[in-house]
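Take a look at the structure below.
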Amino acid sequence: MNEPTSFLADATVQVATLLNEIEEVTTAYAAASGIRCRVGCGQCCLKPGIDAMPLEMLPLAQALLESKTSDQWYDAAAADLDGICVFYARDPGDHTLGRCTQYSHRPSLCRMFGFAAVNTKAARPPSLAACHWHKKLQPEVVAAAQLAIDAGGAVPLFSEYSMRLSMIAPTPSLTQRVPINRALTQAIERLSMDHRTGP
């Protein structure tokens, strides 16, 4: 199989590097703040149509192409473009539990939700994007984390990493946020096309 043309190959490598950085900073923030997820929790994956950029799905699409499983995952995603992520495997005993079958390649939102903040209106401090279970099981920890942010404490910001991802894109179409299954199909399509037309 031919290698993808350089501009898209370079973007794929850069995205993977940035996703690894996001993993590091959110892991560090979780340790510093004390916020943690329930063991085996998959609640945040149950929302249909969680969005992502096709750009940030490129490393995953590349891994699927290399493992020769891209066709089956493309078909699964295409069958439910606006549904729950095709890589989420539910726990049969508890619908709120489950796991990501492509955890190491997951996009930015999946890495940051619960451990990053969103900018608010005017000059107010960023707001921690804590999940339902964080607030329910660790209300004091979540409250303390927000107080630290209010006081100027460091926290990963969705806007910063979204901007940095956008700056990598070789074309604006790769930065349009769409439901995650759609983002996957678009990433596979782009890389497959480049494999076919590459040198």
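Read the figures in this text as sums done on the coordinates, not as results from a lab. Just so you know, these numbers come straight off a predicted model, no measurement behind them. Cβ coordinates were reconstructed from backbone atoms using ideal geometry, including for glycine residues, and neighbour counts include every protein chain displayed.
Key figures
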quantity	calculated
Sequence of F158, F87 once ranked by neighbouring C-beta atoms within 10 Å, starting from the fewest	F158, F87
Leading residue at positive end of dipole, the chain (Cβ point charges), from S70, Q102, I35	I35
Between 0 and 90°, nearest 10: helix 6-33 axis offset from the chain longest Cα axis	20 degrees
Helix axis angle, 139-150 relative to the chain longest principal axis, alpha carbon, degrees	80 degrees
Reachable lysines, given that their alpha-carbon falls under 27 Å from the alpha-carbon of K68 and they are not under 8 places away in the same chain	none
Within segment 47-93: Cβ-based charge dipole about Cα centre, in debye rounded to nearest 20 (Lys, Arg +1; Asp, Glu -1)	100 debye
Ranked I180, I149, I188, criterion: other C-beta atoms within 10 Å, fewest first	I149, I188, I180
Rounded, prolate or oblate (a/c below 1.5 giving rounded, otherwise prolate when a/b exceeds b/c) for segment 10-62 by Cα gyration tensor	oblate
Among P179, F7, V118 - extreme Cα towards positive end, dipole of the chain, charges at beta-carbon	V118
More than 26 Å apart - percent of Cα-Cα pairs taken over segment 6-193	34 percent
Cα gyration tensor shape of segment 1-114, rounded if a/c is under 1.5, else prolate or oblate by comparing a/b with b/c	oblate
Summed side-chain charge close to V39 - residues other than V39 whose Cβ falls under 14 Å, Lys, Arg +1, Asp, Glu -1	+1
Test item: Cα-centred dipole of segment 6-193, Lys/Arg +1 and Asp/Glu -1 on Cβ, debye	480 debye
For H95, net neighbour charge (Lys/Arg +1, Asp/Glu -1) across residues whose Cβ lies under 14 Å away	+2
Whichever lysines have a C-alpha closer than 24 Å to that of K47, once near sequence neighbours (fewer than 8 apart) are set aside	K135, K136
